[in-house]
Amino acid sequence: MRVVQVRRLFLGVGVAAVALAVSACGGPGRTVERSETEGGSTATSEAHPGVLAGVDPCRLLTESEARELGLDAPGERRDVSKTLTCRFKRAGEMRGQLAVAVTPDRALDQLNFTGGDVQETEVSGLRAKIVRGATGDICTVAIAVSPTESLSTDGNIGGDVEAGCKLAQQAAPLVLAHLPK
């Protein structure tokens, strides 16, 4: 009889501990998703808005930063499909533009750079790619902001790919500094 009571007590404590652990992990405002992994074990991941959710690309470069880069400010918002884009024009002898593009639904490796010269790099400690010539004379610095999101700066300066790369590379860390923490 005593062994049965001890087992019931142990089982009750175990169920309470599991319930407490589950409620602590889920917490208010969080959704916990379970998925099967190879070998039959379960992995847990939290569903939450990404870093780029609600980010306005025109606010990722201040007017003074734009002017320091030789760009007119403020930029002009032009979204294409699910990519949020802001274009800053460049006046003067070397006309062109800088585009800041926020892609909250595509990871860096999901971006199409077919036909371009792709170089792996880092920007402000984040994995990135410098892409020359995938789209005409544009040079792109594409950055992995999270495992599922990316951001890019695209420089286009009068047909000079290297001048476009210089502009895109100078703008990239400035833009990253204005992302929500």
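Read-outs: derived from the displayed coordinates by stated rules, not from any lab. The shown structure was predicted, so the numbers you read here are calculated from the model rather than taken from an experiment. Heads up, the Cβs are rebuilt from the backbone with ideal geometry, glycines too, and the neighbour counts pull from every protein chain shown.
Tell me, what HN-Hα J-couplings in whole Hz come from the Karplus equation 6.51 cos²θ - 1.76 cosθ + 1.60 at θ = phi - 60° for each residue of region 94-100, using x for Gly and Pro?
Per-residue couplings from phi come out as 9, 5, x, 7, 10, 10, 10 Hz.
Would you grab the residues whose amide H sits under 5 Å from the one on residue 55? Only those 5+ places off in sequence or on another chain, please, with H modelled 1.01 Å from N.
Under 5 Å from the amide H of residue 55: no residue qualifies.
To the nearest 0.05, what FRET efficiency results for residue 93 and residue 117 with a Förster distance of 25 Å applied to their C-beta separation?
0.45
Relative contact order (percent) for region 92-181, with alpha-carbon contacts under 8 angstrom and 6 or more residues of separation?
So the answer I get is 29 percent.
Tell me whether region 50-181 comes out rounded, prolate or oblate; compute the Cα gyration tensor, take square roots of the eigenvalues as a ≥ b ≥ c, and use a/c under 1.5 as the rounded threshold. Don't skip to the answer; put the middle values down first.
Details: a/c = 1.59, a/b = 1.14, b/c = 1.39.
Since a/c reaches 1.5 but b/c is at least a/b, the shape of region 50-181 is classed as oblate.
Can you list the lysines whose alpha carbon sits under 16 Å from that of residue 129, skipping same-chain ones fewer than 8 residues off?
Cross-link targets: 166.
Sorted by average packing, counted as other Cβ atoms within 10 angstrom per residue and highest first, what order do 124-132, 74-82, 145-153 take?
145-153, 124-132, 74-82
Please say if region 60-99 is rounded, prolate or oblate, where rounded means a/c under 1.5 for a ≥ b ≥ c the square roots of the C-alpha gyration tensor eigenvalues, and otherwise the choice is prolate for a/b larger than b/c and oblate otherwise?
oblate
Under the Karplus relation 6.51 cos²θ - 1.76 cosθ + 1.60, θ = phi - 60°, what is the ordered set of whole-Hz ³J(HN,Hα) values for region 147-160, x standing for Gly and Pro?
Working through the residues one at a time gives x, 10, 9, 9, 9, 9, 10, 10, x, 9, 10, x, x, 9 Hz.
Just order 91-97, 165-171 by mean Cβ neighbour count inside 10 Å, highest at the front, would you?
165-171, 91-97
Give me the number: length gained by fully extending residue 67 to residue 53, i.e. 0.36 nm times residue separation minus the C-alpha to C-alpha distance, one decimal in nm.
Using 0.36 nm per residue and subtracting the Cα-Cα distance, I get 2.4 nm.
What distance in nm separates the two pseudo spin-label positions at residue 137 and residue 106, each 7 Å out from Cα along the beta-carbon direction?
2.4
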